[in-house]
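First comes the structure, then the notes that go with it.
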Amino acid sequence: MALSPSGRSPRRAADGAGTRASAPRPQIRILFRKAIAMGPGKADLLMAIERTGSISAAAREMDMSYRRAWLLVDVMNRSFVQPLVTTETGGQKGGGARVTDFGRDVLGRYLQMEAQAAAAVARSMTEFVRLMAPVPADEPRPKDVVADDDA
């Protein structure tokens, strides 16, 4: 998977400082059993772990609790044949986390599917957006809840 110098995917890097674009767009969630194995919030979490080398730092960057981030990582790791994230405890450097090669492969494939899906529905999406209510310029942007939808 090709990340930008900032560690974000090219699509997410264009969105700004780790935020999602405000224009409506389709999103993919991969369901496995009764859990979401991969979705936009989990993809963002993987990229944040890759950038920071830490689940707790990634959680802070995404404005979520460490527990929530850890639970999302646990769901991802249990949903695939190999772990997407590994952790090291303690030590002089205080441990940390890393996205495995397998995790980078899964993330790259997910981002590719997401881009393919968006391209496939682009014309319909343009027509669909015309049916949506306009957002007033003075309306404050709500906090992104993508990661909460990704549980």
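The values are calculated or read from the model by the stated rules, or taken from the named source; none is laboratory data. Small disclaimer: the values here were computed from a predicted structure and weren't measured. Reconstructed Cβ throughout: ideal geometry from the backbone, glycine too, with neighbour counts over all protein chains shown. SASA here: full protein model, heavy atoms, side chains in, ligands and nucleic acids out. Shrake-Rupley method; radii C 1.70, N 1.55, O 1.52, S 1.80 Å.
For this structure, a couple of remarks:
- Within region 61-84, residues that are under 21 Å from L31 (Cβ atoms) and without any contact (Cβ under 8 Å) to a residue 60 or more places away in the chain reach partners that are of a type in the set (S, T, N, Q) and surrounded by 13 or more Cβ atoms within 10 Å (Cβ to Cβ) with beta carbons closer than 8 Å, at six or more positions or on different chains, in the pairs A69/S56; Q82/T100; P83/N77; P83/T100; L84/N77; L84/T100.
- Helices (runs of 4 or more DSSP H) wholly inside region 21-102 that include at least 2 residues being more than 29 Å from A119 (Cα to Cα): 55-61, 66-79
- Residue that is farthest from D44 (Cα to Cα), among those in region 106-126 that are surrounded by fewer than 15 Cβ atoms within 10 Å (Cβ to Cβ) and of a type in the set (D, E, K, R): R123
- Breaking point among (1) open to solvent by 50 Å² or more (accessible area, probe 1.4 Å); (2) of a type in the set (D, E, K, R); (3) modelled with pLDDT of 95 or more, for K93: (3)
- Among the candidates D101, D149, D138, D144, the residue that is out of contact with any strand residue (DSSP E or B) (no Cβ under 6 Å at 6 or more places or on another chain), of a type in the set (D, E) and at pLDDT 90 or above is uniquely D101.
- For I28, the criteria (1) surrounded by fewer than 15 Cβ atoms within 10 Å (Cβ to Cβ); (2) of a type in the set (V, I, T); (3) under 30 Å from A133 (Cα atoms) hold in every case but one, which is (1).
- Filter result for M47 (in contact with a Phe, Trp or Tyr (Cβ under 8 Å, 6 or more places away or on another chain), open to solvent by less than 20 Å² (accessible area, probe 1.4 Å) and farther than 30 Å from A137 by Cα): no
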